[in-house]
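Report on the following structure.
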Amino acid sequence: MSTQTKSTGIVLDYVKTVGIVNNGYNGRGFANPYDIAVGGDNRIFVLNRCDPLRAAAIRVGICNLDDDYLGEFGRGFGAGDEQFVWPVAMALDSRDRLHITDEHNHRVTIYDTAGNASAKFLSHWGIPGAGDGELNGPAGIAIDSSDVVFVVDQHNSRVQKFASDGKFIANWGSFGSGDGQFNLPWGAAVDNDDNIYIADWRNDRIQKFTNDGEFLAAFGSSGDGEGQFQRPTSVAVDPEGFIYVADWGNERVQVLGPDGSFQLILRGEATVSKWAEAYFESNPEEKAERDISNLLPELPAHLNTPYHISSQTEPFFWGPVSVSLDREGRLYVAETNRHRFQVYQKR
Amino acid sequence: MTTTKHEKSLIVIQLTGGNDYLNTVVPYGEGKYYDSRPAINIPQDKVIPIDGRYGFNPSMGPIKALWDEGKVAVINGIGYENPNRSHFRSMDIWHTAEPDSIGKEGWLGRAIRDLDPQSENVLTGINFGRGLPRALGCPGVSVASVGDLDTYGLFPDVQDEELRMFTLEAFSRMYGGAAGRDPVMELLGQTGQDALQGADVLRTAPAMYSSTVEYAPDALSQNIKSISQVFHAGLGARVLYTQHGPQFDTHSGQLATHAKLWGELSGAVSCLMDDMKEHGTEDDATILIFSEFGRRIKDNGSGSDHGSGGVAFLIGGAVNGGMYGEYPSLAEAEQVEGDLRSNNDFRSVYTGILEDWLELDAAPIVNGQFEKFDIFRS
Amino acid sequence: MISNDTALMAHLLRRAGFGANRDELEHYLEMGYDGAVEALLNPTDPGNMPDDLIRRYHVDQSELRDLPGSAAYWMYRMISTSCPMEEKTALFWHGLFATGYTKLNQARSLLNQVEMFRRSGLGSFEELLVELSKDPAMIVWLDNNENHGASINENYGRELLELFSMGIGNYTEEDVKECARAFTGWTLGNAEYMAIRAAKDSIWPYGRIAWHFDYRDEDHDDGEKTFLGETGRFNGEDIIAIIVKQEATARFVATRLFQFFGADEITEAGEKIIEEMMATYFSSGYQIRDMLRTLFHSGFFKSEEARFARVKGPVEMVVGAVRMAGNYRDPYLGIESVSNTMFYMGQGLLRPPTVEGWHEGAEWIDSGVLVERVNFVAKELSNVSSPGVRSIIDRLEAGADQGVLDPSELADGCLDLLGPLQVSDETRSVLVEYASRHGDLDLNGHQPGDQAEQQVGNMLRLVAATREYQLA
């Protein structure tokens, strides 16, 4: 079964689902994942935002595509070193250093993941405020081929450009809906030519800029049609220029061509992960009832919204908050409300 | 207010989330345990042996020391028929002693009512933590929930002590108005005065207490310390309640979490027992430790899921230490849907506590007659 | 001084809402009393905090898996709505058709039930009961998923008659059985799997799966039934059509509405209003909105006797103080600790203790709970950095002669702006004496958080701590 529609220049095949809900404080599984970054060695870093009951365990989990859970790092809720309050997004630079934003602590935390089984804390930077280089609610983060760091400064309605150590270089943007303006922007991405893409969340569009912030294009409008968005949270661009968008409010992922033309929609088709299988092995009575259930139900009219449909349809994306790519053409979609990610392979 | 220093008190520690029985009192002599738990077993050489078959979790060293002194009763296979594996519902069952329908009154609320039928002491029952557990809830029974003993009372956020006293004094006058107005205003006035009085008395507890015992900084230890302060202040508190968790819900990464929780718990209990020894009150209080359910026999690769049959502990100077009841069999034929079959009804333990310790009529409190163990020294 | 119009409007808004700050009161006063009643009874766009913002910052309120975040989610709506009667009505039905998380382990579906109360709670009682009977949270709560054509489970059928419509004594055991038969086949999608997940509190493997209604024709007992003297091959809708015709149902609904919106105790005058509401029930075709219109326009409701004749419930206490203080209008880190306070006071949203709901009125009060109630509102309303408190300070200044208030003006001003609140002479004299501690209050040139403002904050703290503030 495939939930893809209207594929023209690009085909994505579903590969697998990795994850299980983790309602504890450590160990295998995820707790409201908010972003994914895939290292050169194909280790997968998953940022666990965590609900308030589990805030003491805010952390980054590490796994791989073979479902091995490799460990975790981070020291939970707070403002100390390696602590987070509302972590949002991650990006890896050319030296495998992982940069993590925190929209409540107004800072970026950096870990060295090179050659480590886990990760080594390096530093954090960021000063709250509205001046040049100061941050108010850093959300998305992207790093270009020269290790220049772009941070989406959501409450200041701008994008800021920093050297890899956090030294301010430039910024652009203001509040509004015109070209180059933003309304609570979120995700960021860089393409092969070092252009910058921003998920302009409350304007329901993706904006594309040069590396210096010159406006190039805007894609999308508000709605649930093809090429339309409801609160896009995350964007990624592959080497051929295809643009992947986490169309969060529509509970789906859309792919656009390099020119912004609509290509396809993914609705999600999650299957039972290896960790989920282990759960069902020790809970066979639950499995037996599940096996005779219809996990793709028809819903009454008053529940006929993407959010409600996804809340009742386990295979579909629910809270698809981030799209990430690896170097082998795989797409990873992290789902906050389902504590898992789905993997797709570009054909 | 009556000061009843030497009346017997019950201290309850609720383990929230479902404590894993099999990794608390480990059946390390049984191959079936290791077969069922490839991911989360306690190796034989790490177990603290009780005998040739059973032993304590490695983080329960201080409990083992109390065991060796004969002060620890382990109640095996505790639970109820038709086990419910939902946290809230099963905890409700434990709290209301009512497995078959939704109970309205907490068993300890009823006990407090019977201990203090005229509501003479607003401190007969006290909970340490925010929010009253259902066990303590009963219409007409007022139980204080103390989040922080040092700031307990009205207007804790007023930093300026002089302003606070001034405000409290005004409050007292506003709630002390003349009788004879409408019943609701009357009730509010009386309740306000009770609240002031209870807070005033409670606040004296830390000052009346001194001890060489140093409690650890974790939340449970600090709550246990508050319990010790109030208990030793001789305020007539008979039922003192707190909880540990909810991290006992160890579906993932169980070994590390469970060890940490039991490390904290063992340390806190050990401190409390030392404290009581120092104050010569060892025989005046008994500690009950329970959880809403045990966990599944088979692990899930990283932790364990909700199960039935669990373990409870009674600890204190007045307790006849030892193993009570049989450890349920791990054999498949004996299991209930993959879980341990409970063979001791929790209400029989309540009955023992109520009759032999608090000296109350148990049947109306636990909703029936239950055979009890002979746990308390007479 | 305080006009009767203002006092009456404040009374209406305590009942048909969560109390009102002075800006809201003036807004409703412009409509006049009748206009305000209509505006409250006909909710339009609530303008509440939008879901996209809530979901972005609060992952727990996006997923709605756990109780604290789910209660906070509803509380946000209560705090930020401009249609308070919609939420008050939902809260009323939530207390009457009390469905609790603790058995369901399914907050999303409970919130869907609350949304149903918003949608249908002021309309026809007949339609409301049909919706309730199709509500999957209710179905699991009262075991109707176990009510099969071949073997009935009476739980829902019984409570529908006893607790949700007529009350005990108005039907026979045989009616209960026949009623249950009519609701066989009324279940939820994937009922068996959902039931085992609910029973085990299973969130595995990927979080919760929300519920929807499913009618299983093959599991429905289509045979002839005799219910309350009528005979036919009744289905659930037919049974409800018979229920709503009964005088006992009219009395039940009118009484419960009266006690929630009118007064805790039913006096002789109150009994007469209940009779009038029953007449409206029948003449309007069972419309709740019309019954409440009858109540709000009654002489009793407008009289002094009805003022402050209810003990505020914890939800009213917390939401009222937060709305008055103007706090938490944007996603707020730690909001669940605010909504947890309601639970500590004895009324956790989405977790009524039993199917009988909460024991209201004087039973809200005990000494442990009173400490929670007083501390919460005192803290909320004494914080001079809160927007609503700042607005009170500005109004006090604007109303003062040369910006200076003597102690009785300060006390009376605070009583007015937090209500208007009527207090006993003793209470007022304590307040005035308290205000005298620093002599006259000079608000000229006051700065955020300065001594003069703190004096107002201190006064508001004490007013919020009065016995009278505990009443609605």
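Couple of notes before you dig in:
- Those residues of the stretch B:291-311 whose amide nitrogen sits under 14 Å from the label point placed on B:Glu332, 7 Å along Cα→Cβ: B:298
- Between C:Asp5 and A:Arg347, the C-beta separation translates, for a Förster distance of 51 Å, into a calculated FRET efficiency of about 0.10.
- In the calculated pair-distance distribution of the protein assembly as shown, the portion above 50 angstrom amounts to 31 percent of the Cα-Cα pairs.
- Rounded, prolate or oblate (a/c below 1.5 giving rounded, otherwise prolate when a/b exceeds b/c) for the stretch C:110-227 by Cα gyration tensor: oblate
- Residues B:Thr281, C:Thr226, ordered by accessible area of protein heavy atoms at a 1.4 angstrom probe radius and largest first, appear as C:Thr226, B:Thr281.
- Chain B and chain C together bury an accessible surface of about 4200 square angstrom, both sides counted, with a 1.4 Å probe and no ligands or nucleic acids included.
- Kirkwood Rh in Å, taken over the stretch C:372-472 so that all alpha-carbon pairs contribute: 13.3
- Backbone amide hydrogens, once placed in the peptide plane, bring A:Ser164 within less than 5 Å of A:Val149, excluding anything fewer than 5 places away on its chain.
- Backbone HN-Hα couplings from phi across the stretch C:315-321 [Karplus 6.51/-1.76/1.60, Hz, Gly and Pro as x]: 5, 4, 4, 6, 5, x, 5
- All-pairs Cα distance distribution in the stretch B:27-127, expressed in whole percent, bin size 5 Å: 2, 10, 13, 12, 12, 16, 15, 10, 5, 3, 1, 0
- Accessible surface of the stretch B:186-225 [probe 1.4 Å, protein heavy atoms]: carbon and sulfur percent: 52
- Spatial separation of Cα centroids for the stretch C:233-249 and the stretch A:94-152, in angstrom: 64
- Global form of the stretch A:40-112, assessed from the alpha-carbon gyration tensor, a/c cut-off 1.5: oblate
- When you count the other C-beta atoms within 10 angstrom of each residue and take the mean per peptide, A:238-251, B:118-131 line up highest first as A:238-251, B:118-131.
- Per residue of chain C, the DSSP helices (runs of n ≥ 4 H) give a summed -39500 (n - 2.57) that works out to -17500 deg cm²/dmol at 222 nm.
- Average accessible area per residue (Å²) across the stretch A:1-101 - probe 1.4 Å, nucleic acids and ligands excluded: 31
- For the residues of C:62-71, the average number of beta carbons from a partner chain within 10 Å of their own beta carbon is 4.
- Short-range pairs are left out: with C-alpha atoms under 8 Å and at least six residues apart, the relative contact order of the stretch A:121-188 is 27 percent.
- For the chain pair A and C, the buried solvent-accessible surface (1.4 Å probe, both sides summed) amounts to about 4300 Å².
- Per-residue average of Cβ from other chains inside 10 Å of B:121-132: 2
- Whole-percent carbon and sulfur share, accessible surface of the stretch B:231-271, 1.4 Å: 57
- Under 18 Å of direct C-alpha separation, and excluding same-chain neighbours fewer than eight residues apart, A:Lys208 reaches these lysines: A:Lys161.
- A simple packing score, the average count of other Cβ atoms within 10 Å per residue, orders the peptides B:92-105, C:146-159, A:307-320 as A:307-320, B:92-105, C:146-159, with the highest score first.
- Calculated FRET efficiency for the pair B:Glu214/B:Arg164, C-beta based, R₀ 22 Å, to 0.05: 0.15
- Association of chains A and B removes close to 1100 square angstrom of accessible area from solvent, both sides included, for a probe radius of 1.4 Å.
- Note on C:Lys379: lysines with a C-alpha under 18 Å away, same-chain residues under 8 apart excluded, are C:Lys312.
- Just so you know, the averaged projected area of the alpha carbon convex hull for the stretch A:273-347 sits at 6.6 nm².
- Set A:Lys287/B:Lys298; C:Lys88/C:Lys245; A:Lys16/B:Lys298; B:Lys64/B:Lys260; C:Lys225/C:Lys245 screened for pairs whose C-alpha atoms are more than 21 Å apart: C:Lys88/C:Lys245; A:Lys16/B:Lys298
- Reachable aspartates and glutamates from C:Lys134, criterion Cα separation under 12 angstrom, eight or more residues apart if same chain: C:Asp214, C:Glu237
- Inter-chain Cβ neighbour average for residues B:252-262, partner chain, 10 Å: 4
- Average accessible surface area per residue within the stretch B:28-87, 1.4 Å rolling probe, Å²: 41
- For chain A: rounded, prolate or oblate by the Cα gyration tensor [a/c cutoff 1.5]: oblate
- Rg and Dmax, both from the Cα atoms of the stretch B:255-378 and both in Å, are 16.8, 50.
- Solvent exposure of the stretch B:144-265 as accessible area per residue, Å², 1.4 Å probe: 39
- Spin-label pair A:Asp112/C:Asp222, simplified geometry with 7 Å Cα→Cβ offset, distance in nm: 7.6
- Of all accessible heavy-atom area on the stretch A:113-258, the percent that carbon and sulfur account for (1.4 Å): 45
- Listed values for the stretch C:382-396 are Karplus-derived 3J(HN,Hα) couplings in whole Hz (6.51 cos²θ - 1.76 cosθ + 1.60, θ = phi - 60°), namely 9, 7, 6, 8, 6, x, x, 6, 4, 5, 5, 4, 4, 5, 4, and x replaces Gly and Pro.
- Annotation: peptides B:196-209, C:440-453, C:128-141, C:5-18, ranked by per-residue average of other Cβ atoms within 10 Å with the highest first, follow the order C:128-141, C:5-18, B:196-209, C:440-453.
The values are calculated or read from the model by the stated rules, or taken from the named source; none is laboratory data. Bear in mind the structure is a predicted one, so any value in this text is a computation, not a measurement. Glycine also receives a Cβ, built like all others from the backbone with ideal geometry; neighbour counts cover every protein chain displayed. In case anyone asks, the SASA skips ligands and DNA or RNA and just uses the protein heavy atoms, side chains included. Shrake-Rupley method; radii C 1.70, N 1.55, O 1.52, S 1.80 Å.
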